[in-house]
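Notes follow once the structure below has been shown.
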Amino acid sequence: MKTYLVTGGAGFIGSNFIKYMLKKYEDIKIINVDQLTYAGNLENLKDIEKNPQYNFVKANICDQRTFENIFKENVIDYIVNFAAESHVDRSIHHPHIFVQTNILGTINLLNCAKNAWETKNGFLEGKRFLQISTDEVYGSLGNTGYFIESTPLDPHSPYASSKASADLMVKAYYDTYKMPITITRCSNNYGPFQFPEKLIPLIIHNTLNKKRLPIYGDGLNVRDWIYVEDHCKAIDLVIKKGKLGHVYNIGSHNEKTNIDVVKTIIQYIHKKVDPSVSEELIQYVKDRKGHDRRYAIDPSKINDQLGWYPETNFKVGIQKTIQWYLDNTTWLEHMSSGAYQDYYKKIYGNLGGQDE
Ligand SMILES: NC(=O)c1ccc[n+]([C@@H]2O[C@H](COP(=O)([O-])OP(=O)(O)OC[C@H]3O[C@@H](n4cnc5c(N)ncnc54)[C@H](O)[C@@H]3O)[C@@H](O)[C@H]2O)c1
């Protein structure tokens with residue numbers, strides 16, 4: 001029985017990953033360590049909380065003692081590090097939190113794993129540290145071209161820079177100590193349980209509430225969207241078959257402008273829920289500082305070497321996703337209220353932030 005130490009598993013991708021894995025495998029154990037920041041919510045894991053294969057620990061990934069104890073009390077085979085501050089807008093206003101969690105937290109995990117896994121004769125067999133990274137570390141593309149794994153890192157936002165810094169530290173642990181690591185860099189995820197500060201759930205929430213739909217700049221920034229379950233499948237494969245020390249880009253070749261995504265959501269809600277909803281809700285707002293124009297992933301390496309291909313195309317995935325939020329409006333309203341609203345009013349007035 002393999003034991004996975006998953007960090008940040010109460011967030012969007014982490015919670016989808018844990019549920020995907022527990023559904024697929026009966027012979028694994030998962031320990032989820034999450035600090036439960038504004039973005040983490042145990043509601044996301046309600047259906048598996050009593051599963052005997054699953055355990056939750058509330059802790060900060062910067063907390064050395066907690067992780068030393070976890071390693072002492074359990075035989076950890078794999079670490080999957082999702083825990084991060086993940087919102088670009090917040091990073092523009094509070095960069096230091098991103099340095100703290102995304103960089104220092106990752107180093108703490110690397111050190112604790114190294115101490116537990118390293119012997120006089122090198123690292124124990126079969127161990128693996130997987131760093132969940134992002135395509136944003138590569139910077140911005142023009143109208144053509146794709147990010148490949150050897151594209152030079154050129155992050156722009158404090159979020160992307162903190163993720164790139166963490167990637168470099170993870171790589172350093174491989175280059176220096178031969179620690180068994182891999183890194184995945186995925187494009188924009190969408191699907192159930194995404195915190196409604198991000199474009200898709202934010203637009204669904206505002207459309208349902210007939211609130212303005214804030215669009216940065218001209219709305220023509222391009223993001224490469226992947227359905228979250230496809231990302232989870234890729235992570236599972238990289239843990240099992242990924243080559244140590246390697247980076248794998250993950251993407252679905254689903255490039256869309258922000259305004260196209262917003263119009264798709266409006267059309268769906270107009271048709272299925274409220275015919276009075278229209279594009280009149282759209283409001284263009286001042287562009288985000290340093291807003292990257294286009295991201296697009298070339299996933300050839302993971303396609304060719306590991307045989308991973310996405311299974312959900314955007315047309316199907318976006319409909320499933322919108323319908324999930326429509327079926328879970330209590331969750332959506334809960335996540336869109338309270339401290340989160342106060343924060344956003346302070347920074348953006350009544351419009352709310354967006355994008356990745
Ligand atoms: N969402 C995307 O489109 C996307 C794309 C590529 C990569 N990623 C990466 O995937 C990972 C997960 O992203 P997400 O969208 O699920 O993020 P999220 O913001 O929804 O979840 C992050 C989780 O980490 C937890 N967390 C934050 N700081 C912590 C700390 N100091 N200690 C312990 N837990 C902490 C939060 O409570 C939350 O549960 C991140 O590393 C992100 O950089 C995200």
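The values are calculated or read from the model by the stated rules, or taken from the named source; none is laboratory data. Keep in mind that this is a model prediction, so the values were computed, not measured. Glycine gets a Cβ as well: all are built from the backbone with ideal geometry, and neighbour counts include every protein chain shown.
Report, by residue number, each residue of the range 9-28 that is part of a loop (DSSP other than H, G, I, E, B) and within 8 Å of the ligand (Cβ to nearest atom).
Once the filter is applied, which keeps residues that are part of a loop (DSSP other than H, G, I, E, B) and within 8 Å of the ligand (Cβ to nearest atom), the range 9-28 yields Gly9, Ala10, Gly11.
Any residue at all in the range 297-309 that is in contact with a Lys or Arg (Cβ under 7 Å, 6 or more places away or on another chain) and not in a loop (DSSP other than H, G, I, E, B)?
Yes, the range 297-309 has at least one match.
(1) part of a loop (DSSP other than H, G, I, E, B); (2) away from the ligand (no atom under 12 Å from the Cβ): which one isn't true of Ile204, the others all being true?
(1)
Is at least one residue of the range 1-8 within 13 Å of the ligand (Cβ to nearest atom), on the phi < 0 side of the Ramachandran plot and hydroxyl-bearing (Ser, Thr, Tyr)?
yes
Could you check the range 80-126 and list, in sequence order, the residues that are among the hydroxyl-bearing types (Ser, Thr, Tyr) and within 24 Å of the chain's Cα centre (by Cα)?
Hits for the range 80-126 are Ser86, Ser91, Thr101, Thr106.
Out of curiosity, is Asp304 closer than 18 Å to Ile148 by Cβ and crowded, with 21+ Cβ neighbours inside 10 Å?
no
Does Ala164 fit the bill of being under 28 Å from Ile297 (Cα atoms), among the hydrophobic types (A, V, I, L, M, F, W, C) and either more than 14 Å from the ligand (Cβ to nearest atom) or without any contact (Cβ under 8 Å) to a residue 40 or more places away in the chain (or both)?
Details: under 28 Å from Ile297 (Cα atoms): yes; among the hydrophobic types (A, V, I, L, M, F, W, C): yes; either more than 14 Å from the ligand (Cβ to nearest atom) or without any contact (Cβ under 8 Å) to a residue 40 or more places away in the chain (or both): yes.
Yes.
Taking the range 116-144 as the search range and keeping residues that are in contact with a strand residue (DSSP E or B) (Cβ under 9 Å, 6 or more places away or on another chain) and among the small types (Gly, Ala, Ser), which one is surrounded by the fewest Cβ atoms within 10 Å (Cβ to Cβ)?
It comes out as Gly142.
Of all residues in the range 201-220, which are buried (at least 23 other Cβ atoms within 10 Å of the Cβ), within 27 Å of Phe82 (Cα to Cα) and not β-branched (Val, Ile, Thr)?
Scanning the range 201-220 gives Pro201, Leu202.
If Tyr138 meets every condition in (1) more than 26 Å from Asp292 (Cα to Cα); (2) in contact with a Pro (Cβ under 8 Å, 6 or more places away or on another chain) apart from one, which number is that one?
(1)
Could you grab me the full set of residues in the range 143-176 that are out of contact with any helix residue (DSSP H, G or I) (no Cβ under 7 Å at 6 or more places or on another chain), on the phi < 0 side of the Ramachandran plot and in a loop (DSSP other than H, G, I, E, B)?
Asn143, Thr144, Tyr146, Ile148, Ser150, Pro152, His156
Residues are listed down the side, and each one gets a yes or a no for (1) exposed (fewer than 14 other Cβ atoms within 10 Å of the Cβ); (2) assigned to a helix (DSSP H, G or I); (3) at pLDDT below 95; (4) not polar (S, T, N, Q):
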{"residue": "His291", "(1), (2), (3), (4)": "no, no, yes, yes"}
{"residue": "Ile322", "(1), (2), (3), (4)": "no, yes, no, yes"}
{"residue": "Tyr325", "(1), (2), (3), (4)": "no, yes, no, yes"}
{"residue": "Gln341", "(1), (2), (3), (4)": "yes, yes, yes, no"}
{"residue": "Lys345", "(1), (2), (3), (4)": "yes, yes, yes, yes"}
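So in the range 111-123, with the set limited to residues that are in contact (Cβ under 8 Å) with a residue 12 or more places away in the chain and of a type outside the set (A, V, I, L, M), which one is nearest to the ligand (Cβ to nearest atom)?
Looking only at the range 111-123, we keep the residues that are in contact (Cβ under 8 Å) with a residue 12 or more places away in the chain, and these are 111-118, 122-123.
Going one step further and asking which of them are of a type outside the set (A, V, I, L, M), we end up with 111-112, 114-115, 117-118, 122-123.
Working: Asn111: 15, Cys112: 13, Lys114: 19, Asn115: 19, Trp117: 21, Glu118: 24, Gly122: 28, Phe123: 23 Å.
Only one residue fits best here, namely Cys112.
For Lys198, are the conditions met, namely being within 12 Å of the ligand (Cβ to nearest atom), buried (at least 23 other Cβ atoms within 10 Å of the Cβ) and of a type in the set (Lys, Arg)?
no
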